[in-house]
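The values are calculated or read from the model by the stated rules, or taken from the named source; none is laboratory data. From a predicted model like this one, the values you see are computed outputs, not experimental measurements. Note that each Cβ is placed from the backbone with ideal geometry, even for glycine, and that neighbours are counted across all protein chains shown.
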Amino acid sequence: MKPLSILAAAKPHGTRLKYLAGCRCLPCRASNARYENRRIYARRSGDWNGIVSAGRARRHLKALSRSGVGRRTVAEISGVPQSIVHQIKSGRRRRIRARTERRIFLVNSRAMNQARLVRADRTWRMIARLLDEGFSKAEIARRLGYRSPALQLRRSRITARTALRIERFYSRYMVV
Ligand SMILES: [Zn+2]
């Protein structure tokens, strides 16, 4: 007896496991059909999470690496644990989840550049001048595309993306 059939023997009809073990009764077929439909739907809606070859992710990691993006940064941005990133990169891990692959592909040099932290003092000086000119914090926040009216910026370090937004805003309204 195969392990699968041992497991399946304990399962009630109407489960996919029972179907996989060979039962073709109506509840088991229905259960399997439901599973297949969900899988097809998930694949179509881009949330399919099956197993894929790690080759494409590995090539992407190597390219990132060549442009100076290491595995720690990839892990931070993608949310994929560093150990897994390392295994993919070294070729030790040959197959990965589709969702892991998608997360790794989200890390590109543009995302990287924008997520990098920069000093905030210059940005805060621009904000101070905007406030002097009568702009409110809420208005600056709104024009920066923030959902809340609070201008929630850290004092010392902010992302390059935010710094760039403030700079664009500043140069549009504060002609020097
Ligand atoms: Zn059955």
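Summary of computed values
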{"quantity": "Residue match in segment 99-108 (condition: in contact with a Gly (Cβ under 7 Å, 6 or more places away or on another chain) and either assigned to a helix (DSSP H, G or I) or of a type outside the set (Gly, Ala, Ser) (or both))", "calculated": "yes"}
{"quantity": "Matching entry among ARG16, ARG59, ARG29 (being at pLDDT 80 or above, within 11 Å of the ligand (Cβ to nearest atom) and surrounded by fewer than 16 Cβ atoms within 10 Å (Cβ to Cβ))", "calculated": "ARG29"}
{"quantity": "Hey, ILE88 under 18 Å from the mean Cα position of the chain (by Cα), among the hydrophobic types (A, V, I, L, M, F, W, C) and part of a strand (DSSP E or B) or not", "calculated": "no"}
{"quantity": "Matching residues in segment 145-176 - criterion: being surrounded by 14 or more Cβ atoms within 10 Å (Cβ to Cβ) and among the polar types (S, T, N, Q)", "calculated": "THR159, THR162"}
{"quantity": "Pick from segment 91-113, criterion modelled with pLDDT under 95 and farther than 22 Å from ARG44 by Cβ, ranking: nearest to the chain's Cα centre (by Cα)", "calculated": "VAL107"}
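Each row is one residue, and each column tells you yes or no for (1) of a type outside the set (Gly, Ala, Ser); (2) under 28 Å from ARG66 (Cβ atoms); (3) assigned by TED's automatic domain parsing to the domain that holds LEU61.
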| site | (1), (2), (3) |
| --- | --- |
| SER78 | no, yes, yes |
| GLN82 | yes, yes, yes |
| THR100 | yes, yes, yes |
| ARG122 | yes, no, no |
| SER136 | no, no, no |
| ARG142 | yes, no, no |
| ALA150 | no, no, no |
| ARG165 | yes, no, no |
